[in-house]
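This report concerns only the one structure given below.
The values are calculated or read from the model by the stated rules, or taken from the named source; none is laboratory data. What you are looking at is a predicted structure, and each value in this text was computed from that prediction instead of being measured. Note that we place each Cβ from the backbone using ideal geometry, even for glycine, and neighbour counts take in every protein chain shown. Each accessible area value is taken on the protein alone, full model and side chains, heavy atoms only, with ligands, DNA and RNA left out. Shrake-Rupley method; radii C 1.70, N 1.55, O 1.52, S 1.80 Å.
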Amino acid sequence: MSSAGNTEMSPVIRNTTYSFSLNNNGNLDKMDLSMTVDEEDLQSPPKTSTIVKENTTDIFLTESSVEDVEAEESLMQSETLNDTNQNIDLDISNQVENLTKDEDLFQCALVELGRRLWDSSLEKQHYTKGCLWSPDGTCILTAVHLDGMHVIELPNDLYNTFSTQTIPSKRSVSTLTSAVHVKEGGTVYDYAWYPFMNSSAPETCCWLASRQHEPIHMWDAFTGELRCSYRGYDSVDEVESAIAITFSNDGEKIFGGYKKSIKIFDTKVPGRDLNSIAVKQAISCFALTTDNDRTVTTGSWQGLINHYDLRAPKLGPLFTLGGHTGGITWLRYAALSESDSWTLFSGARKDNKILEWDMRNYTEPVRDFTRNVATNQRIYFDLSPQEKRWLVSGGTDGNIRIWDLENNVEEVLKIHGDCCNGVNFHPSLPIIATSSGQHHFVDTSECETSLENQKAAQNEDITVEYENTLRLWWIGKSPVDQELN
């Protein structure tokens, strides 16, 4: 990694297997990627495996069902959700003293905890599109191309790690299954959890999703049902899809990024009631500091980062940042331990740099971090939730890159056989989730006849050997020898 005014980092590239370490080597070729989640596998699990079986709810929706949502029922649900914010007491907050410190992360081997695979065919490529832990850490949300959205719960035995802060050395890899499956059609553009989501308060358990040709939907994380919709319209009064979405810090507002506007919805009032701010560049992503909700930072497909004051809609951007060669795909704010101000991290498509900006003086980036981004796909990055010491990013090459921001150290680990598009820290446990997969362009002109013959002979879809997975990794203290419960 090269940086402005800092010591240059020298990446260390290593081959790895089930266990990964900043100090040990492994062999990825020996990794078994054949695990599936078919019903036969769940019915006959290996004797040494720890498998949590969950009921899956599949929801099929048509365009007409969106309009059938009753406004009165949606309003009551939203009001209940908003009122609960003032009284909610998160279970995780009772365990603050047991939260893992950043200094304990990435000091030993990375151990795989759970895995979920999706099959692909030439007709349907089921690749993941990032992953996000819920705010209470009980489940993780991922979007799968042509297979909707999946809510996958944290394996039950990992709840014990809140007190032990470690895992058994002989723990088997769990087979992850979907607790809720929403079979949305079309491309999912963006999704976001409700910021006060807590599984002990079902009314708070929901997320937003925006997909092609549809308004913003709010989904119930327990039942998979559609709660309500927030509809933005274009200049000819046609429903317009939001490219980016996020909640305000207090959860009372929803920000939608569109091609020519930022639309602000009241969470309590679903429908088409909104405030709109005109912009000259399409909004591709959002970032907010926790200080206030009156300003937002946005990315654009033109490779620029703009900062808007929502109280002055006609003023335009307060400032604009450049530096990227492609469209901005992801932004994150962080309050680093060595700084008394906010730091912004930005990433772009077909751009190998993550840029770090000090918001006290944003004339040029403070540092840049090199990763591999060779496609237009969004490649997520994340910062450790406690002290923001660790920056982790995926890459098109299947590697995750880990930067120690305090000591200027970089590590590169090969953990996926295809593009690693998502990486996300658990909010309170030393666990990260990674997702893999990308669209592969297949030239069928030369092999069309042979493929049709194979399909006719097999009478089934031809499976394509691409890795489309969601995986959980332990990044805390070394596993200990103890009996599994």
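Take Thr128 and decide whether it is modelled with pLDDT of 95 or more, out of contact with any Asp or Glu (no Cβ under 9 Å at 6 or more places or on another chain) and polar (S, T, N, Q).
Against the criterion (modelled with pLDDT of 95 or more, out of contact with any Asp or Glu (no Cβ under 9 Å at 6 or more places or on another chain) and polar (S, T, N, Q)), Thr128 qualifies.
Looking at Glu240, Glu225, Glu214, Glu184 in this structure, which one is touching a strand residue (DSSP E or B) at 6+ places or on another chain (Cβ under 9 Å) and under 22 Å from Tyr308 (Cβ atoms)?
Among Glu240, Glu225, Glu214, Glu184, only Glu240 is touching a strand residue (DSSP E or B) at 6+ places or on another chain (Cβ under 9 Å) and under 22 Å from Tyr308 (Cβ atoms).
For the list (1) open to solvent by less than 30 Å² (accessible area, probe 1.4 Å); (2) aliphatic (A, V, I, L, M); (3) within 21 Å of Gly251 (Cα to Cα), I need the number of the one condition that Ala282 fails.
Condition (3) is where Ala282 drops out.
Quickly run through the range 219-247 and pick out the residues that are without any contact (Cβ under 8 Å) to a residue 60 or more places away in the chain and in a strand (DSSP E or B).
Initially, the range 219-247 is screened for residues without any contact (Cβ under 8 Å) to a residue 60 or more places away in the chain, giving 220, 222, 230-247.
Those that are without any contact (Cβ under 8 Å) to a residue 60 or more places away in the chain and in a strand (DSSP E or B): Asp220, Tyr230, Gly232, Tyr233, Val239, Glu240, Ala244, Ile245, Thr246, Phe247.
Of the conditions (1) over 21 Å from Tyr333 (Cα atoms); (2) of a type in the set (D, E, K, R); (3) in contact with a Ser or Thr (Cβ under 8 Å, 6 or more places away or on another chain), Asp397 clears all except one; give me its number.
Among (1) over 21 Å from Tyr333 (Cα atoms); (2) of a type in the set (D, E, K, R); (3) in contact with a Ser or Thr (Cβ under 8 Å, 6 or more places away or on another chain), the lone unmet condition for Asp397 is (3).
I need the full set of residues from the range 318-377 which are aromatic (Phe, Trp, Tyr) and open to solvent by 20 Å² or more (accessible area, probe 1.4 Å), in order please.
Answer for the range 318-377, where residues must be aromatic (Phe, Trp, Tyr) and open to solvent by 20 Å² or more (accessible area, probe 1.4 Å): Phe319, Trp330, Tyr333, Trp342, Tyr362.
Restricting to the range 378-398, count the residues that are more than 16 Å from Lys353 (Cβ to Cβ), open to solvent by less than 10 Å² (accessible area, probe 1.4 Å) and assigned to a loop (DSSP other than H, G, I, E, B).
Total meeting the criteria: 2.
Of all residues being closer than 23 Å to Tyr127 by Cβ and of a type outside the set (Lys, Arg) in the range 404-420, which is surrounded by the most Cβ atoms within 10 Å (Cβ to Cβ)? Just the residue, please.
Filtering the range 404-420 for residues closer than 23 Å to Tyr127 by Cβ gives 412-420.
Restricting the remaining residues to those that are of a type outside the set (Lys, Arg) gives 412-413, 415-420.
Working: Val412: 18, Leu413: 25, Ile415: 24, His416: 25, Gly417: 16, Asp418: 20, Cys419: 29, Cys420: 32.
In this case the residue turns out to be Cys420.
Can you pull out the residues in the range 96-107 that are at pLDDT below 90 and either touching a strand residue (DSSP E or B) at 6+ places or on another chain (Cβ under 8 Å) or open to solvent by less than 20 Å² (accessible area, probe 1.4 Å) (or both)?
Correct list: Thr100, Asp102.
Quick test of your reading of the structure: Lys170 fulfils all but one of (1) modelled with pLDDT under 95; (2) under 18 Å from Gly437 (Cα atoms); (3) of a type outside the set (A, V, I, L, M). Name the failing condition by number.
Checking Lys170 against (1) modelled with pLDDT under 95; (2) under 18 Å from Gly437 (Cα atoms); (3) of a type outside the set (A, V, I, L, M), the one that fails is (2).
Condition (residue is aromatic (Phe, Trp, Tyr) and open to solvent by 30 Å² or more (accessible area, probe 1.4 Å)) applied to the range 132-155: is it met by at least one residue?
Within the range 132-155 (the criterion being aromatic (Phe, Trp, Tyr) and open to solvent by 30 Å² or more (accessible area, probe 1.4 Å)), the answer is no, since none of the residues qualifies.
I'd like to know if the range 112-122 contains one or more residues that are within 19 Å of Cys139 (Cα to Cα), open to solvent by less than 70 Å² (accessible area, probe 1.4 Å) and at pLDDT below 75. Don't jump to the end; show me each part of the working.
As a first pass, look at the range 112-122 and keep what is within 19 Å of Cys139 (Cα to Cα): 112-118.
Imposing the further condition that a residue be open to solvent by less than 70 Å² (accessible area, probe 1.4 Å) reduces the set to 112-118.
Next, from what is left, pick out any that are at pLDDT below 75: none.
No: zero hits.
Among the residues of the range 251-270, which ones are surrounded by fewer than 20 Cβ atoms within 10 Å (Cβ to Cβ) and over 15 Å from Leu208 (Cβ atoms)?
Lys259, Lys260 - these are the residues of the range 251-270 that are surrounded by fewer than 20 Cβ atoms within 10 Å (Cβ to Cβ) and over 15 Å from Leu208 (Cβ atoms).
Looking at the range 148-176, which of the residues that are in contact with a strand residue (DSSP E or B) (Cβ under 7 Å, 6 or more places away or on another chain) and in a loop (DSSP other than H, G, I, E, B) is farthest from Ala221 (Cα to Cα)?
Looking at the filtered set, the residue picked out is Ser169.
Can you tell me how many residues in the range 272-313 are assigned to a strand (DSSP E or B) and within 21 Å of the chain's Cα centre (by Cα)?
Taking the range 272-313 and keeping what is assigned to a strand (DSSP E or B), we get 274-278, 283-287, 295-300, 305-309.
Narrowing further to those that are within 21 Å of the chain's Cα centre (by Cα): 283-287, 296-300, 305.
Total meeting the criteria: 11.
Any residue at all in the range 322-338 that's in contact with a Pro (Cβ under 9 Å, 6 or more places away or on another chain), in a strand (DSSP E or B), at pLDDT 95 or above and not basic (Lys, Arg)?
Checked the range 322-338: no residue is in contact with a Pro (Cβ under 9 Å, 6 or more places away or on another chain), in a strand (DSSP E or B), at pLDDT 95 or above and not basic (Lys, Arg).
Given the conditions (1) open to solvent by less than 60 Å² (accessible area, probe 1.4 Å); (2) at pLDDT 95 or above, report the number of the one that Asp273 does not fulfil.
Status for Asp273: all satisfied but (1).
Exactly one of (1) assigned to a strand (DSSP E or B); (2) closer than 30 Å to Asp340 by Cβ is unmet by Gly316. Its number?
(1)
Please state which of the following conditions Thr363 fails to meet, knowing it meets all the rest: (1) without any contact (Cβ under 8 Å) to a residue 24 or more places away in the chain; (2) of a type in the set (Ser, Thr, Tyr); (3) in contact with a Lys or Arg (Cβ under 9 Å, 6 or more places away or on another chain).
All conditions pass for Thr363, except number (3).
What do you reckon, is Arg401 basic (Lys, Arg), closer than 22 Å to Arg349 by Cβ and either crowded, with 23+ Cβ neighbours inside 10 Å or touching a residue at least 12 places away in the same chain (Cβ under 8 Å) (or both)? Lay out the reasoning, then the answer.
Numbers: basic (Lys, Arg): yes; closer than 22 Å to Arg349 by Cβ: yes; either crowded, with 23+ Cβ neighbours inside 10 Å or touching a residue at least 12 places away in the same chain (Cβ under 8 Å) (or both): yes.
Judged against the criteria, Arg401 is a match.
When the residues of the range 188-197 are narrowed to those that are touching a strand residue (DSSP E or B) at 6+ places or on another chain (Cβ under 6 Å) and not acidic (Asp, Glu), which ends up surrounded by the fewest Cβ atoms within 10 Å (Cβ to Cβ)?
Out of the qualifying residues, it is Pro195.
Quick one: which of Pro168, Pro195, Pro202, Pro155 is out of contact with any helix residue (DSSP H, G or I) (no Cβ under 8 Å at 6 or more places or on another chain), free of Cβ contacts under 8 Å to residues at least 24 places away in the same chain and on the phi < 0 side of the Ramachandran plot? Outline the logic, then answer.
On the way: Pro168 fails: free of Cβ contacts under 8 Å to residues at least 24 places away in the same chain; Pro195 fails: free of Cβ contacts under 8 Å to residues at least 24 places away in the same chain; Pro155 fails: free of Cβ contacts under 8 Å to residues at least 24 places away in the same chain.
When all the criteria are applied, what remains is Pro202.
Output the residue which, of all residues in the range 362-377 that are part of a loop (DSSP other than H, G, I, E, B) and hydroxyl-bearing (Ser, Thr, Tyr), is nearest to the chain's Cα centre (by Cα).
Only one residue tops the list, namely Thr375.
Condition first: modelled with pLDDT under 90 and aromatic (Phe, Trp, Tyr). Now tell me which residues in the range 432-485 satisfy that.
Passing the criteria: Phe441, Tyr466.
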